[in-house]
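*Asks:* One structure follows; several queries about it will come next.
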Amino acid sequence: MKKIVALLSFLLLSGLIFAQSADKMTEVLESDKVTLGQASYFIATASGKIQDTESEEDAVKVMKAIQFADADADPSQYISVKDLSWMLVCTWKIEGSLMLKLFPGPRYACKQLKADGILNDFDDPDSIPDGHRFFNILTDCMALYAEQE
């Protein structure tokens with residue numbers, strides 16, 4: 001089962017590579033810390049909310065529209081695993097646990113992604129993912145939740 005999920009994740013990531021600008025993809029993969037702008041760009045593009053020709057600033061505007069980001073959010077600030085989890089929950093409207101429904105926010109979004117197997121137990125919610133970990137989380141999330149839409 002894990003091999004099938006890994007294969008699907010690889011295929012989805014391969015699709016992202018050809019759909020995105022190679023420079024942007026390389027920039028994120030080489031980065032030690034992912035920014036709000038980078039995460040917004042790839043998540044908004046993967047979910048079809050923006051075209052791959054648009055900028056990171058446009059992607060952050062989309063995240064503001066779905067009420068993930070604050071009005072004064074800076075695209076160059078780093079994004080934590082729990083905020084990334086919340087962004088993914090907001091983007092794909094993930095139906096979660098009772099606690100996520102009662103108290104929507106980054107804490108329970110992170111717990112939901114851990115329960116669904118997207119995040120590992122060793123993922124610290126306050127840590128900032130590197131480029132490789134970001135794409136692992138994104139492709140796993142796409143494989144699980146994009147099919148449910």
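The values are calculated or read from the model by the stated rules, or taken from the named source; none is laboratory data. Just so you know, these numbers come straight off a predicted model, no measurement behind them. Here Cβ is always computed from backbone atoms with ideal geometry, including for glycine, and neighbour counts include all displayed protein chains. Accessible surface areas use protein heavy atoms only, side chains included; no ligands, DNA or RNA. Shrake-Rupley method; radii C 1.70, N 1.55, O 1.52, S 1.80 Å.
*Asks:* Mind counting the residues in segment 138-149 that are open to solvent by less than 10 Å² (accessible area, probe 1.4 Å) and either farther than 18 Å from ALA44 by Cβ or touching a Ser or Thr at 6+ places or on another chain (Cβ under 8 Å) (or both)?
*Replies:* Counting residues in segment 138-149 that are open to solvent by less than 10 Å² (accessible area, probe 1.4 Å) and either farther than 18 Å from ALA44 by Cβ or touching a Ser or Thr at 6+ places or on another chain (Cβ under 8 Å) (or both) gives 1.
*Asks:* Suppose we filter segment 47-63 for residues that are open to solvent by 10 Å² or more (accessible area, probe 1.4 Å) and under 18 Å from ILE94 (Cα atoms); how many remain?
*Replies:* Summing the residues that are open to solvent by 10 Å² or more (accessible area, probe 1.4 Å) and under 18 Å from ILE94 (Cα atoms) in segment 47-63 gives 4.
*Asks:* Filter segment 45-80 for residues that are of a type in the set (Val, Ile, Thr) and either touching a strand residue (DSSP E or B) at 6+ places or on another chain (Cβ under 8 Å) or touching a residue at least 24 places away in the same chain (Cβ under 8 Å) (or both) and give the result.
*Replies:* Result: THR45, VAL60, ILE66, ILE79.
*Asks:* Let me ask another. In segment 23-46, what residues are in a loop (DSSP other than H, G, I, E, B) and crowded, with 19+ Cβ neighbours inside 10 Å?
*Replies:* VAL34
*Asks:* Please tell me if MET87 is under 18 Å from LEU144 (Cα atoms) and either hydrophobic (A, V, I, L, M, F, W, C) or assigned to a loop (DSSP other than H, G, I, E, B) (or both).
*Replies:* Answer is yes for this residue.
*Asks:* If you go through segment 111-121 one residue at a time, do you hit one that is exposed (fewer than 15 other Cβ atoms within 10 Å of the Cβ) and either among the aromatic types (Phe, Trp, Tyr) or without any contact (Cβ under 8 Å) to a residue 12 or more places away in the chain (or both)?
*Replies:* Yes: one or more hits.
*Asks:* Now, a different point. Out of ALA65, ALA69, ALA73, which single residue is modelled with pLDDT under 85, out of contact with any helix residue (DSSP H, G or I) (no Cβ under 8 Å at 6 or more places or on another chain) and aliphatic (A, V, I, L, M)?
*Replies:* ALA65
*Asks:* Pick from GLY105, GLY131: which is modelled with pLDDT of 90 or more, open to solvent by less than 40 Å² (accessible area, probe 1.4 Å) and not aliphatic (A, V, I, L, M)?
*Replies:* GLY131 is the lone residue from the list that is modelled with pLDDT of 90 or more, open to solvent by less than 40 Å² (accessible area, probe 1.4 Å) and not aliphatic (A, V, I, L, M).
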